[in-house]
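Engineer: The structure is given below, and queries will be raised subsequently.
The values are calculated or read from the model by the stated rules, or taken from the named source; none is laboratory data. Values in this document were obtained by computation on a predicted structure and should not be read as measured data. Virtual Cβ from ideal backbone geometry, glycine too; neighbours counted across all protein chains shown.
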Amino acid sequence: MKDLVVYVHGKGGDAEESEHYRPLFPDDEVVGLVYRASTPWEAGKEIHDAVVKLKGGRKDLILIANSVGAFFCMNAEIEELIRKAYFVSPIVDMEKLIRDMMAWAGTTEEELQRKGTIPTESGDDLSWDYLCYVRRRPVKWDVSTEILCGRQDRLVSFETIEAFVKKTRAGLTVMNDGEHWFHTEEQTRFLDDWIRNKQRDA
């Protein structure tokens, strides 16, 4: 039976992005996971239920997750179902990101608590409930994981990724000219080579 490769997209993405990974896993079945929620407690449940259903009786499941999709997966209680994970520009410390967004928006934690929700120019609402959730549920992840990040990522600092790698013993590959979104021809080629090389090394 073929291994199952499940792709989980980031914000603004969709399950059809999984098509890109099919040539990289020619002997396996590659599926894009559909989820619609935007909070970790809702998206986590969606992802958990979908992964359980997709896996069925298969022995091995490989996860590829991008940006906030990786964060949602780490809140989905699916560790025991996954043999290997590949994270691309993962958000690994959501509390820090929210605090950074508050600073960018020129708001304070006290104001956020009072208002509950604060819109930002980027289109992402700041949420007190979201901040409280991530503080109550710090990320725990115990899966063999390889991470690809860009040195020019403006959303997640390299120091944040390094701290996560140290805590989880994940493998780390850095593209010096990479950004949070790997989208140029050069960045996409680097991503593809990274996955091929890591499969070969496994």
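Engineer: Residue check, R137 against (1) at pLDDT below 95; (2) under 13 Å from the mean Cα position of the chain (by Cα); (3) charged (D, E, K, R), all met but one. Which one?
Structural biologist: Result: R137 passes all but (2).
Engineer: Take residues that are among the basic types (K, R) and tell me which of the helices (runs of 4 or more DSSP H) falling wholly in region 117-202 contain 3 or more.
Structural biologist: Details: elements: 128-136, 158-168, 185-201.
Helices (runs of 4 or more DSSP H) meeting the threshold: 185-201.
Engineer: Something else about it: Filter region 20-54 down to the residues that are more than 16 Å from the chain's Cα centre (by Cα), of a type in the set (D, E, K, R) and under 18 Å from A70 (Cα atoms) and list them by number.
Structural biologist: Within region 20-54, D49 is the sole residue that qualifies.
Engineer: In this structure, is D142 within 17 Å of I62 (Cβ to Cβ), within 17 Å of the chain's Cα centre (by Cα) and loosely packed, with under 13 Cβ neighbours inside 10 Å? Give the derivation first.
Structural biologist: On the way: within 17 Å of I62 (Cβ to Cβ): yes; within 17 Å of the chain's Cα centre (by Cα): yes; loosely packed, with under 13 Cβ neighbours inside 10 Å: yes.
When the stated conditions are applied, D142 passes them.
Engineer: Next question, about the same structure. Any residue in region 41-59 that's outside the structural domain of D129 (by TED's automatic domain parsing) and over 26 Å from V134 (Cβ atoms): show its pairings with residues that are exposed (fewer than 13 other Cβ atoms within 10 Å of the Cβ) and at pLDDT 95 or above at Cβ separation under 8 Å, as long as the two are six or more apart or on different chains.
Structural biologist: none
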